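Structure, as structure tokens:
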Amino acid sequence: MKFSGKTALVTGGGRGIGADIARTLAREGAVVAVSARTESEILKVADEIVAAGGRAHAFVADLSQPDQARELIGRAQAAMGGLDFLINNAGVASSSPLSKL
């Protein structure tokens, strides 16, 4: 497994490319935090990862809000004991607050 022992946060992870990235990272051994604005979507992806034998967390966050972006990073780090990768896949117009942290 390529990412065994690593942690990853995938924004925009509730569907499409983000969900596929989250599932792939988990299959390769990473503990994955899935984030998006829609709780039902990220819970579904996290549940799929866990059902397949992986480890996942789901965090609702609106990354167009800088305070929620900062809070997301802290929550993901606390839940997973650190953060090795950030996949900033969220569809935010202009620049994401995550790029300014």
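The values are calculated or read from the model by the stated rules, or taken from the named source; none is laboratory data. Just so it is clear, the model here is predicted, and its values are computed rather than measured. Calculation scope for accessible area: heavy atoms of the full protein, side chains included, ligands and nucleic acids excluded. Shrake-Rupley method; radii C 1.70, N 1.55, O 1.52, S 1.80 Å.
Structure notes:
- The mean of 1/r over all distinct Cα pairs in the chain, once inverted, gives the Kirkwood hydrodynamic radius of 13.0 Å.
- For segment 5-17, 3J(HN,Hα) per residue [Karplus equation, 6.51 cos²θ - 1.76 cosθ + 1.60, θ = phi - 60°, Hz, x = Gly/Pro]: x, 9, 10, 9, 10, 10, 7, x, x, x, 6, x, 4
- Heavy atoms of S40 accessible to a 1.4 Å probe, total area in Å² rounded to 10: 80
- Less than 5 angstrom separates the built amide H of A56 from those of V32, all sequence-distant by 5 or more or on a different chain.
- 222 nm mean residue ellipticity, helices alone, for the chain (DSSP H n ≥ 4; -39,500 (n - 2.57); rounded to 500): -12500 deg cm²/dmol
- In order along segment 55-64, the phi-based Karplus estimate (6.51 cos²θ - 1.76 cosθ + 1.60, θ = phi - 60°) of 3J(HN,Hα) comes to 10, 8, 10, 10, 10, 7, 7, 9, 6, 7 Hz; Gly and Pro are listed as x.
- In this structure T7 has an accessible area near 10 Å², from a 1.4 Å probe over the protein heavy atoms.
- Per-residue HN-Hα couplings for segment 28-37 [Karplus 6.51, -1.76, 1.60; θ = phi - 60°; Hz; x = Gly/Pro]: 8, x, 6, 7, 10, 9, 9, 10, 5, 7
- Accessible surface calculations at 1.4 Å, restricted to protein heavy atoms, place the chain at 55 Å² per residue.
- Nonlocal amide H pairs with L9, under 5 Å, H built at 1.01 Å: A33, F85, L86, I87
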